[in-house]
Amino acid sequence: MHPTLASLDPDLKHRLLAYLEARIEKWKNLPDGTPLQEVFVLLQAQERVRPTYREGEPRLPLTPEEFAEGRMPPGPGRPEARPKPPPPPVELAQALREAHHLVLLGEPGAGKTTILQYLALTFARAARARLQGDAPPAPTP
């Protein structure tokens, strides 16, 4: 068990476990009562490439990265620069480990709230297992 967890006051540990149990009980099912674990499909994350300009705005000089890549600014006689394709998707667990910031984007009903519920459930279960002394150091969604 983690040294900090081993030194927790027993009453605090009991209350923390009770809190985690309550959260797990609340988050384990969808609003209609369907178990989340049975219906949730883990999504992939994809980095969103930020455009260097916005449509309709005046074009700024090339960034150092664009210049280093040999891009030419659009202009008379020059074709529009084609954006690079986005990087390939990665598993959500990898994105959670590697990213400093994440943003969930999607249409209404796409599953943004459900994925947050799933992540909360996963982390709560891992925290409960760590407090009970029988878990790996980090959860894997």
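The values are calculated or read from the model by the stated rules, or taken from the named source; none is laboratory data. Just so it is clear, the structure is predicted and the values come from calculations on it, not from any experiment. So basically every Cβ, Gly included, is an ideal-geometry build from the backbone, and we count neighbours across all protein chains shown. With ligands, DNA and RNA removed, areas are computed over all heavy atoms of the protein, side chains included. Shrake-Rupley method; radii C 1.70, N 1.55, O 1.52, S 1.80 Å.
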Query raised in the report: How much accessible surface does Val41 have with a 1.4 Å probe, in Å² rounded to 10?
Result: 110 Å²
Query raised in the report: Near Thr122, within a Cβ-to-Cβ distance under 12 Å, what is the net charge of the other residues, with Lys and Arg +1 and Asp and Glu -1?
Result: +4
Report summary line: Burial-style ranking of 118-127, 25-34, average other-beta-carbon count within 10 Å with highest first, yields 118-127, 25-34
Query - Separation in nanometres of the label points that stand 7 Å from Cα toward Cβ, at Ala99 and Thr34 - result: 2.4 nm
Report summary line: Other residues with Cβ under 11 Å from the Cβ of Ala18 give, with Lys and Arg +1 and Asp and Glu -1, a net charge of +1
